[in-house]
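Chemist: Starting off with a structure, shown below.
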Amino acid sequence: MSRPEGAGSRALEVKFVPDEDVLKHIADEAGIKVRKDKTQLAVSVKKLVKKLENISDDEAQEILEEENYVAALGISAQDPMGNGSSVSGGEVYSFQTPKRSSKMAELASELAQAPGQSVASNHFECMEKTAKTPQSSKCSSSNKVQQRSKKKEFVSTTPYRLRKRLAAPDPCLESESEYSASCSEEEEEENQKEVSTVLSDQKTPAKTKAVSTPPPRNTLVKKNEDKMSNLVEEYFEAHSSSKVLTSDRTLQKLRKRRLNQQTLHELLKEAPLAYAAEIKELNQQHESLFSKWMLQLRLGFNIVLYGLGSKRDLLEKFRTSVLQDSVHLVVNGYFPSITVKSILNSITEEILDHIGTFRSPLDQLEFITKRFKEDSSVELYILIHNLDSQMLRGERSQQILAQLSSLPTVYLIASIDHINAPLMWDQAKLSLFNWLWYETTTFNPYVEETSYENSFLVQQSGSLALSSLTHVLRSLTLNARGIFRLLAQYQLENKDNPSYPGLSFQDFYQQCREAFLVNSDLTLRAQLTEFRDHKLIRTKRGADGVEYLLIPVDDSTLTDFLEKEDEDV
Amino acid sequence: MSTCSVSKGCFVFKPNPKKRRVSHKKAKDLRKVNEDTEDSELRFLTCQSLWAQIRSETEKIQEDLNKQLFDSLVSFLRRSHSEFQEKTTEWTCRMKSREIPTAALVLGVNVTDHDLTFRNLSEVLQNTVTPYIAFLEAKDCPGIKNLMQKLMGQLMNCNVDVDSLEDEDYVQVSQNRVRCSMTSLVNWYESVTKKTDSETPSKKRTSSSTHWQSPPVVVIFKDMESFTTKVLQDFIVISSQHIHELPLVLIFGIATSPMIIHSLLPHSVSSLLCIELFQSLSCKEHLSTVIDKLLLTTQFPFKLGVKVLQVLINIFLYHDFSVQNFVKGFQLCIVEHFYSQPLSVLCCQLGDAKKRANSLSHDQCENIRRLPSFRRYVECQVSEKQIALLTEDNFLKETMQKLLEDLNAYHENYISVLRCLHVFTSSLPKYPLGKQIRELHCACLENQVWETKEYESSLQLARMLNKSDLETMLQQCVEIFVSSSENEFDKTVKKLKEFLTQFQKLEADAFQERDVSVPSQKELQKKTDLYHLQKTLLELKESRRSKKLTKFEMLRFEVVDYIDSLVRNYLVPADHKTLHEIVYFNTASVLREHLNAAPRIALHTALNNPYSYLKNQALKTDGGGISNKAPDICIVYKLHLECGRLINLVDWLEAFSTVVMAGEGPNADAASSDQVDDVIHARFIRAVSELELLGFIKPSKQKTDHVARLTWGGC
């Protein structure tokens, strides 16, 4: 692991990759694969338990119970009924080394081959395959193959580098790591030769070895324990460094236009839903449970649905088929501005016909509790889609909902999707909710649930922002509109400047004066306050303490706005 | 009306008032619920009545268990302000000390059960000590102001409850107007006590005859640990100033250990308290009592199978220690049993069951014939009888009467013998069959207990018991058998009593035995030579082996053998009994699914192995992988597993399209590739945003077009 301190040149860096290190890397990976089947571990644990049994009565008792517990929970594996729960916890929660992005491409090509074919694909072959992927890049295809393969090699060395860097932090290595982390196109071209030497050097054989010949298993099982601590270290290593090694390609370079929400919907409508028949069958199975749910709701349990796939349609069907004759409330938890208060409001205003306001949600809850307890003929079914949504997952919201659901004549049926959703509830809340869990894996796409989400891949059309902009401005005075126009124009003039901080207040004042829009900086300030209240502008204080003004709307929207304004005038 | 909207998240639906029926609809609705099977209505009613019985029984158990605790608490409360009561000058000396009497109530970690305890406590206190009780919970009291508000609100409301003569408006006004301070509280207390003084004595006799003239004000902190230290301190300091005007008593509900008081409160504050400790019964004991009263009794016809019982006990021991949850699980078992087993209609008291068996429909008779235990029974019969059982409903019903009686008798005998066996096993060293009767019960239900190793060893240990232990055990057994109503045990009781008298007779002989053994030991002590020592020891061993058993030993063997024969006769596992399916609930998987679910594992399975849900051959792969025809989200998920902390979206998209193109076959390479590409892009976007919803990734600002992974490793 030693490296000459002064060796800052890049060629040197390539040379010093000790074989042991490479081997270690391979062994690590293989070790993790082995770790997945934990039977061996479980056996040793049992042996340990047996030994301990002889130690003392009480302890032995406890351990015996533990064994029972393991046995009792393990039954599910043999149960024909519990189809989904046959995965042991270890498989789900096992630690794994962070894999590099190149692995994704590899796996993709592997999956692209006929299913069931073994992993023994050649490294270069799969590279070529990924290179053939339909992408509209400017580079010629042959160039790209090289580029991609190079990148792959590049990235595959990174754990070694990372480790090095962490082990011996010195100034000259800093530049190297910089270089390894950011593989922008220009640099790449520069270094192409050097890296290709790396490619031909040691690493490619090492890598193919890793894929084709995993070390024998039983030797590695013995190493399990120190592997474990190793893994933990790796976890922290991977998460402590702020540098992340991924390729620098962006969607813009793909020359693919960003889809907006509408076209996305249209496109998805065209795409046929895969396995529709099977999904339908699955849903029919769940629908047969409706009467049972109804019975259990009536008996004081509340029902929570989990599993992959949108459960919205299922709950809707439940609602339309069973709940038609009773008072019920549907809550779209995924709705971006849903609050507990709005839920409570719709109960008090629309169901209990109460006019008036409450000081706090707790007061409101108390009122509801009282009303429901007084009149036991009032019954209410609450359906909540996505109880674990951003807006409802807070502790207070859940507490209020839990208390609501614990009322004897309030029946709650909800769905959860987030993997960590059960962490929302502590013992107290769980006992208030009194859940019965139902696995309803539907495989339905989350159409409604994700429609509100500002997905990072979808281009924001900005139509909402634009209309709100014009609405607010229309209510303002002519001068105020002029002030805003000035700011907008200035911002558009500077749109090509990436480090544009905004318009400083003094400059702005000067411009406004020149345009006869304000006569003192106080009036301007008053105007700006109004803008700020409507979230039309944002102020930022620069490093020199000067106040900068910005319109937090993207440029295209702003252009549209100005054009529209011109039309109006 | 649709429930999709961009402006609204809550939708209220009210049925047409014309259609709406009155409350009896409820029962009808539930009947409708399982109309497809036979006798559903009767089954539902049986289930309801059984559950009502069980619930009242559990409440009674809880009450009984808490009785002692409450009694001591009540006497503490009475004592605490006796000086105040007497209104003598004696209490003036207390003014200096200003100590607030405090009861620290250690309730154990099963926080969810505390509510019930507190509810019972307040009932008891209302009835015996004082009408002025306030419950405070940490979540309502973020500051001292909220605490005072809550406190005064509760105290003044309770005032209304006690003498409802008062106008409601008055109270509401006063509650809003009165400033929340200790002084106003003191003023309120004075006015209230004065009023009760001046009121007609006749009323006092009826409503609050047990209360004194100036009852103490009890403030209960339900969850002392979660209160903010500052709020607690302030409250204690302030109220200690007024202790001579307001007979305040605090009750701290503590889940962990009484030490918490001292770690929460500094010495200067805790010295203002005069703390007395009260310990509630441990939840394990509570559970034992519940099992004893609910399961090991013939009072309730419904029984739990061994696996179900184990799951329930495991949830209790390893997850929550909550007896409430145990009872809830029990309720679920009852509901499931009556819902899924059409023959559960016979799961009621013997008399009713016999009547119902007589009026069974033909379909139900067929159901009985389909029961595995009944089939086994039929196979043991002679051929004519077999035919009769399988073809004639009436003959079947007659046989059913007998079988039901048998089953009932089996339960009665089983419980007595089980208790008797428990008397023996619970005193053995190392408890080979478990310390608790529930463990023994599980062992007996699981398989033939006399064939297990543990039983073997416990019998061996029982053969070494000394005489006095044996006698007390026999005495206990006699009591158990006598208390059980079954006549069948008359003989057993007689036999056991015989054993007892024989033991007493042996007394004299036993002394002689001991005399014989003494000289040999003395002999042993004389010799110091190692060789000789070994030799004598060997001889001793030889002689012991060959020695004729003493009378005591013979008798002991006899007793143990007798117990063994009882066990073999009566402790047959339930699933060997004909018609056990009617009363035993055995599907543990249902219970585990609904009470102890694992949502992450379900997601993991669905994403990694979609074939387990979607039975399509295209999805079937060998060796745990997924095929390239899997649903989009599975492919995207699988690809993202290969990445580190950040994921480049472009790489991801490309990898995805490679897989999907390959999956769709060669026709995807057609000329309209651009169009196809857009669709794939859209599908990718959908899958990625679904993963975001599921919490696997989130958008990241660290690098353009990157998302951050939120999970580490496989899921």
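The values are calculated or read from the model by the stated rules, or taken from the named source; none is laboratory data. On a predicted model such as this, the values are computed, not experimentally measured, just so you know. Glycine gets a Cβ as well: all are built from the backbone with ideal geometry, and neighbour counts include every protein chain shown.
Chemist: Looking at A:I338, A:I347, A:I343, which one is assigned to a helix (DSSP H, G or I), at the interface with chain B (Cβ under 7 Å from one of its Cβ atoms) and buried (at least 16 other Cβ atoms within 10 Å of the Cβ)? Let's see the steps before the verdict.
Modeler: On the way: A:I338 fails: assigned to a helix (DSSP H, G or I); A:I347 fails: at the interface with chain B (Cβ under 7 Å from one of its Cβ atoms).
Only one candidate qualifies: A:I343.
Residue-by-condition table, conditions (1) in contact (Cβ under 8 Å) with a residue 24 or more places away in the chain; (2) within 14 Å of chain A (Cβ to nearest Cβ):
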position	(1), (2)
B:I387	no, no
B:L407	yes, no
B:V417	yes, no
B:L421	yes, no
B:T425	yes, yes
B:T452	no, yes
B:M464	no, no
B:L474	yes, no
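Chemist: Let me ask something else. Of the conditions (1) closer than 26 Å to B:T256 by Cβ; (2) at pLDDT 90 or above, B:D115 clears all except one; give me its number.
Modeler: (2)
Chemist: If you check A:A465 against the conditions, is it hydrophobic (A, V, I, L, M, F, W, C) and modelled with pLDDT of 85 or more?
Modeler: On the way: hydrophobic (A, V, I, L, M, F, W, C): yes; modelled with pLDDT of 85 or more: no.
No.
Chemist: Here's a check for you: in the range B:277-333, which residue that is within 20 Å of B:V106 (Cα to Cα) and either touching a strand residue (DSSP E or B) at 6+ places or on another chain (Cβ under 8 Å) or charged (D, E, K, R) (or both) is surrounded by the fewest Cβ atoms within 10 Å (Cβ to Cβ)?
Modeler: This residue is B:E285.
Chemist: On to the next question. Considering only residues of the range B:306-321 that are more than 7 Å from every other protein chain (Cβ to nearest Cβ) and in contact with a helix residue (DSSP H, G or I) (Cβ under 7 Å, 6 or more places away or on another chain), which is nearest to B:S282 (Cα to Cα)?
Modeler: First pass over the range B:306-321, keeping only residues more than 7 Å from every other protein chain (Cβ to nearest Cβ): B:306, B:308-309, B:312-313, B:315-316, B:319, B:321.
Going one step further and asking which of them are in contact with a helix residue (DSSP H, G or I) (Cβ under 7 Å, 6 or more places away or on another chain), we end up with B:306, B:308-309, B:312-313, B:315-316, B:321.
Details: B:V306: 24, B:V308: 23, B:L309: 20, B:L312: 18, B:I313: 15, B:I315: 17, B:F316: 13, B:F321: 10 Å.
My answer is B:F321.
Chemist: Also: Evaluate the following for A:L352: is it among the aliphatic types (A, V, I, L, M) and buried (at least 21 other Cβ atoms within 10 Å of the Cβ)?
Modeler: Details: among the aliphatic types (A, V, I, L, M): yes; buried (at least 21 other Cβ atoms within 10 Å of the Cβ): no.
No.
Chemist: I'm told A:L352 meets every condition in (1) at the interface with another protein chain (Cβ under 10 Å from one of its Cβ atoms); (2) at pLDDT below 90; (3) under 14 Å from A:I382 (Cβ atoms) except one. Can you identify the failing condition by its number?
Modeler: Unmet for A:L352, out of (1) at the interface with another protein chain (Cβ under 10 Å from one of its Cβ atoms); (2) at pLDDT below 90; (3) under 14 Å from A:I382 (Cβ atoms): (1).
Chemist: Identify the residue in the range B:432-487 that is among the small types (G, A, S) and under 24 Å from B:L407 (Cβ atoms) and, among all such residues, is modelled with the highest pLDDT.
Modeler: We begin by selecting, within the range B:432-487, every residue among the small types (G, A, S); these are B:434, B:443, B:457-458, B:462, B:468, B:483-485.
Checking which are under 24 Å from B:L407 (Cβ atoms) leaves us with B:443, B:483-485.
On the way: B:A443: 91, B:S483: 85, B:S484: 79, B:S485: 70.
Checking each candidate, the answer is B:A443.
Chemist: Going through the range A:283-308 one residue at a time, which ones are hydroxyl-bearing (S, T, Y), at the interface with chain B (Cβ under 10 Å from one of its Cβ atoms) and either free of Cβ contacts under 8 Å to residues at least 12 places away in the same chain or under 24 Å from B:C634 (Cβ atoms) (or both)?
Modeler: Of all residues in the range A:283-308, those hydroxyl-bearing (S, T, Y) come to A:288, A:291, A:306.
Retained after the next criterion (residues that are at the interface with chain B (Cβ under 10 Å from one of its Cβ atoms)): A:291, A:306.
Within the range A:283-308, just A:Y306 meets the criteria.
Chemist: Given the criteria surrounded by fewer than 20 Cβ atoms within 10 Å (Cβ to Cβ) and in contact (Cβ under 8 Å) with a residue 40 or more places away in the chain, does B:S268 qualify? Lay out the reasoning, then the answer.
Modeler: Numbers: surrounded by fewer than 20 Cβ atoms within 10 Å (Cβ to Cβ): yes; in contact (Cβ under 8 Å) with a residue 40 or more places away in the chain: no.
So B:S268 fails the test.
Chemist: Under the condition of being among the aliphatic types (A, V, I, L, M) and surrounded by fewer than 24 Cβ atoms within 10 Å (Cβ to Cβ), which residue from the range B:608-632 is nearest to the other protein chains (Cβ to nearest Cβ)?
Modeler: Keep residues of the range B:608-632 that are among the aliphatic types (A, V, I, L, M), which gives B:614, B:618-619, B:626, B:630.
If we keep only those that are surrounded by fewer than 24 Cβ atoms within 10 Å (Cβ to Cβ) as well, we get B:614, B:618-619, B:626.
Working: B:L614: 4, B:A618: 8, B:L619: 8, B:I626: 7 Å.
Going through the qualifying residues, I end up with B:L614.
Chemist: Further question on the same structure: Those residues that are out of contact with any His (no Cβ under 9 Å at 6 or more places or on another chain), more than 19 Å from B:A574 (Cβ to Cβ) and either in contact (Cβ under 8 Å) with a residue 12 or more places away in the chain or among the β-branched types (V, I, T) (or both), I need them from the range B:389-405; list them, please. Break it down into steps so the answer makes sense when it comes.
Modeler: Going residue by residue through the range B:389-405, those that are out of contact with any His (no Cβ under 9 Å at 6 or more places or on another chain) are B:389-392, B:394-405.
After this cut, where a residue has to be more than 19 Å from B:A574 (Cβ to Cβ) as well, the list is B:389-392, B:394-399, B:401.
Those that are out of contact with any His (no Cβ under 9 Å at 6 or more places or on another chain), more than 19 Å from B:A574 (Cβ to Cβ) and either in contact (Cβ under 8 Å) with a residue 12 or more places away in the chain or among the β-branched types (V, I, T) (or both): B:L389, B:L390, B:T391, B:L396, B:K397, B:T399, B:Q401.
Chemist: Now a separate question. If you scan the range A:304-335, which residues turn out to be farther than 18 Å from A:H418 by Cβ and not in a loop (DSSP other than H, G, I, E, B)? Please lay out each step first, then the result.
Modeler: Looking only at the range A:304-335, we keep the residues that are farther than 18 Å from A:H418 by Cβ, and these are A:313, A:316-330.
Residues satisfying the conditions are A:D313, A:E316, A:K317, A:F318, A:R319, A:T320, A:S321, A:V322, A:H328, A:L329, A:V330.
Chemist: Let me ask something else. Considering only residues that are in contact with a helix residue (DSSP H, G or I) (Cβ under 9 Å, 6 or more places away or on another chain), charged (D, E, K, R) and within 17 Å of B:E558 (Cα to Cα), which ones fall in the range B:444-479?
Modeler: Of everything in the range B:444-479, those that are in contact with a helix residue (DSSP H, G or I) (Cβ under 9 Å, 6 or more places away or on another chain), charged (D, E, K, R) and within 17 Å of B:E558 (Cα to Cα) turn out to be B:E456, B:R463, B:K467, B:E471.
Chemist: Which residue out of A:L517, A:L486, A:L473 is at pLDDT below 85 and more than 14 Å from every other protein chain (Cβ to nearest Cβ)? Before the answer, list the steps.
Modeler: Numbers: A:L517 fails: at pLDDT below 85; A:L486 fails: at pLDDT below 85.
Unique residue meeting the criteria: A:L473.
Chemist: Pull out all pairs, ordered by first then second residue, where Cβ-Cβ is under 7 Å, the residues are six or more apart or on different chains, the first lies in the range B:289-300 and is touching a residue at least 12 places away in the same chain (Cβ under 8 Å), and the second is acidic (D, E).
Modeler: These pairs meet every condition: B:K293/B:E57; B:L294/B:E57; B:T298/B:E412.
Chemist: Can you name every residue in the range B:575-589 that is part of a helix (DSSP H, G or I) and surrounded by 22 or more Cβ atoms within 10 Å (Cβ to Cβ)?
Modeler: Initially, the range B:575-589 is screened for residues part of a helix (DSSP H, G or I), giving B:575-576, B:580-583, B:588-589.
Scanning the range B:575-589 gives B:E581, B:I582, B:V583, B:A588.
Chemist: Checking the conditions here, which among B:R600, B:R592 is surrounded by 18 or more Cβ atoms within 10 Å (Cβ to Cβ), assigned to a helix (DSSP H, G or I), at the interface with chain A (Cβ under 7 Å from one of its Cβ atoms) and more than 23 Å from the chain's Cα centre (by Cα)?
Modeler: Numbers: B:R592 fails: more than 23 Å from the chain's Cα centre (by Cα).
Matching residue, one of B:R600, B:R592: B:R600.
Chemist: Residue under question is A:D375, and the condition is that it be on the phi < 0 side of the Ramachandran plot and surrounded by fewer than 23 Cβ atoms within 10 Å (Cβ to Cβ); does it hold?
Modeler: Numbers: on the phi < 0 side of the Ramachandran plot: yes; surrounded by fewer than 23 Cβ atoms within 10 Å (Cβ to Cβ): yes.
Yes: the conditions hold for A:D375.
Chemist: Of the residues in the range B:697-706, how many are within 7 Å of chain A (Cβ to nearest Cβ) and crowded, with 22+ Cβ neighbours inside 10 Å?
Modeler: The total comes to 2.
Chemist: Do we have B:V493 as assigned to a helix (DSSP H, G or I) and modelled with pLDDT under 90 here?
Modeler: yes
Chemist: Every residue in the range A:393-403 that is closer than 28 Å to A:T450 by Cβ and either without any contact (Cβ under 8 Å) to a residue 60 or more places away in the chain or in contact with a Ser or Thr (Cβ under 8 Å, 6 or more places away or on another chain) (or both), please.
Modeler: Initially, the range A:393-403 is screened for residues closer than 28 Å to A:T450 by Cβ, giving A:393-402.
Matches in the range A:393-403: A:R393, A:G394, A:E395, A:R396, A:S397, A:Q398, A:Q399, A:A402.
Chemist: Okay, moving on. Out of all the residues in the range B:437-469, which are surrounded by 21 or more Cβ atoms within 10 Å (Cβ to Cβ) and either among the hydroxyl-bearing types (S, T, Y) or in a loop (DSSP other than H, G, I, E, B) (or both)?
Modeler: The answer is B:Y455, B:S458.
Chemist: I want to confirm something. Restricting to the range A:401-454 and keeping residues that are under 27 Å from B:V12 (Cβ atoms), within 9 Å of another protein chain (Cβ to nearest Cβ) and of a type in the set (D, E, K, R), which single residue is surrounded by the fewest Cβ atoms within 10 Å (Cβ to Cβ)?
Modeler: A:E453
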